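Read the figures in this text as sums done on the coordinates, not as results from a lab. On a predicted model such as this, the values are computed, not experimentally measured, just so you know. Cβ placement follows ideal geometry from the backbone for every residue including glycine, while neighbour counts extend to all protein chains displayed.
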Amino acid sequence: MGGTSLDKLTRQRELIKRIATEPWVHTCSSLAKTLGVNPITVQRDFQEIKDNGFQFKQDEQGTLYLQVSGWNGVQPVKASTLRQMEILRILTSTPQGLSLAEIYKRFNRRDEEEVSSKTLERAMKDLEKNNLIERRREEYVVCLEHILPPLELSEQEKTLLFEALKVAGALAPIPEEIKSVEAKLKLWIGENAQSRETMLVHGRTPTQDVHHSQCCVNLEEAARSKSRVSILYRKEEEPARQLRLNPLGIVYYWVLDNWYLIAQDEEDQKVKTYLMNRILDVTRLGETFSPVEGFDLKTWYQYAWGVYREQSPVPIKIRFYKHFSTLNRVRAELAKRETCTLTEDKEGLLMTDQVEGLDELAVWLRGFGAGAEVIEPPALRKKMTDEFSRLLQMYGGEVHGLH
């Protein structure tokens, strides 16, 4: 494979793919030889890849393993810029100011020097030159008049801004920076149910993670436009696999704080669930696929408690007692579950539902302790009693007839 036939982004993707699919096999020099490029080019590629958040392990022989995935196809942020942003963050949180020595300590908390004093001095001079910080005797302070406060928007303002960006995009091309703002707004507020290919199971807001957000937005767009994708997918320490998928939507499950991709495997045509944390890279293939007959994301997860479906919903009945803030929590966390019915009485709340995934439901129920009692089905009640029996034994108690 000649290096001249690959542009930089394709070459960097190929480097990541080879290391991920064949862990502890390739070295920088062997990769340069395989791709037919100069070793210096590979070293430069690796630096850019690392600047984009990818992390690698290397053994004594120099063979490589991809430890953490990052951004692909995004202009890297320079290390010097990140350093200056961190200095501003430190000084903003310390209004009285800090000396150079104190800032140096903040950057070098461990035994080894992570940022040299000369590098730090250069960063401080650049910030001072741009009137972002100033020196008062021995301390450096932030020039607040030159720094905007954090932007806070109401839900209505976010919605209006998002709609305005959509109109602007329809009239003329918009800069890449504006696209990232639009993507973040999309994650915050969502679009209407008909156009979205995303579900928040139980509706709790996900933890914002930049890399996962990028993957989620990319895959949601692919699902909406019926665009086939190729992903690098790795389970734990296994070699990564390259899969061709027809993305159907993404789901956030708040109990495990994880995103999941729901997609049809092009090879066996089955609809499967993929954990987003295991997706190392996503490539849009420029091909479209036909809609899966009868598939609808909301209907697919109508009875599922979490993300794994058993295709056989079970009738359940659970009693929630007036135990601390149990009732308020139940109402809040089940507010968007359409198949669930809550009936209030003197004892508390009675919940009835049809559920797929009793194991995931049991995980949720354990968080209520004595505030929740499973009435039906017996299988779920047994899961709960077995778990609490183990806890009782763990803490030296005796188990008497838990049924």
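Starting from the Cα gyration tensor of the range 80-146, take the square roots of the eigenvalues, sort them a ≥ b ≥ c, and report rounded, prolate or oblate (rounded when a/c is under 1.5, otherwise prolate if a/b is larger than b/c, else oblate).
Details: a/c = 1.78, a/b = 1.49, b/c = 1.20.
Prolate shape, in that a/c is at least 1.5 and a/b is the bigger ratio.
So for Asp281, Asp386, fewest C-beta neighbours within 10 Å to most, what's the order?
Numbers: Asp281 22, Asp386 12.
The most exposed by this proxy come first: Asp386, Asp281.
Provide the FRET efficiency to the nearest 0.05 for the Ser225-Ala379 pair, computing r from the beta carbons and using R0 = 25 Å. Before the final figure, lay out the partial values.
Numbers: r = 42 Å, r/R0 = 1.68.
It comes out at approximately 0.05.
So if I place +1 on the C-beta of Lys and Arg and -1 on the C-beta of Asp and Glu, and nothing else carries charge, what would the dipole magnitude of the range 3-68 be about its Cα centre? I want it in debye, nearest 20.
In debye, rounded to 20, the range 3-68 gives about 140.
Rounding to the nearest 20 debye, state how big the charge dipole of the range 236-365 is about its Cα centre with +1 on each Lys and Arg Cβ and -1 on each Asp and Glu Cβ.
Numbers: 16 positive and 22 negative charges, 125 e Å.
Taking the Cα centre of the range 236-365 as origin, the dipole is about 600 debye.
Quick check on the range 314-394: take the gyration tensor over C-alpha atoms, sort the square-rooted eigenvalues as a ≥ b ≥ c, and tell me if it's rounded (a/c under 1.5), prolate or oblate.
Oblate is the answer for the range 314-394, as a/c is 1.5 or above yet b/c matches or exceeds a/b.
If you take every residue apart from Asn38 with its C-beta less than 12 Å away from the C-beta of Asn38, what net charge results, scoring Lys and Arg +1 and Asp and Glu -1?
Residues close to Asn38 contribute a combined charge of +2.
Under a plain spin-label model, where a point goes 7 Å from the Cα along Cα-to-Cβ, how far apart in nm are Thr41 and Gln311?
4.9 nm
Rounded to the nearest 0.05, what FRET efficiency do Thr81 and Ala332 give with R0 = 45 Å and r taken as the Cβ-Cβ distance? Could you check?
Calculated transfer efficiency: 0.65.
About the Cα centre of the range 80-146, how large is the charge dipole given +1 on each Lys and Arg Cβ and -1 on each Asp and Glu Cβ? Please answer in debye to the nearest 20.
With Lys and Arg at +1 and Asp and Glu at -1, about 40 debye.
Which ordering of Leu161, Leu349, Leu144 is given by a fewest-first count of other beta-carbon atoms within 10 Å?
So the residues, fewest neighbours to most, are Leu144, Leu161, Leu349.
Which trypsin sites (Lys or Arg not before Pro) does the range 1-59 hold that lie in a coil by DSSP with at most 12 other beta carbons within 10 Å?
Qualifying residues, ordered by number: none.
Got a sec? How would Tyr395, Tyr104 order by Cβ neighbour count within 10 Å, fewest to most?
Taking fewest neighbouring Cβ atoms as first place, the list is Tyr395, Tyr104.
Which of Asn218, Ile318, Val271 sits farthest toward the positive end of the charge dipole of the range 207-350, with +1 on the Cβ of Lys and Arg and -1 on the Cβ of Asp and Glu?
My answer, from the dipole projection, is Ile318.
Sequence-distant or interchain residues sharing an amide H contact under 5 Å with Leu280, placed H: which?
When sequence neighbours closer than 5 places are left aside, the close amide H contacts are Leu232, Tyr233, Arg234.
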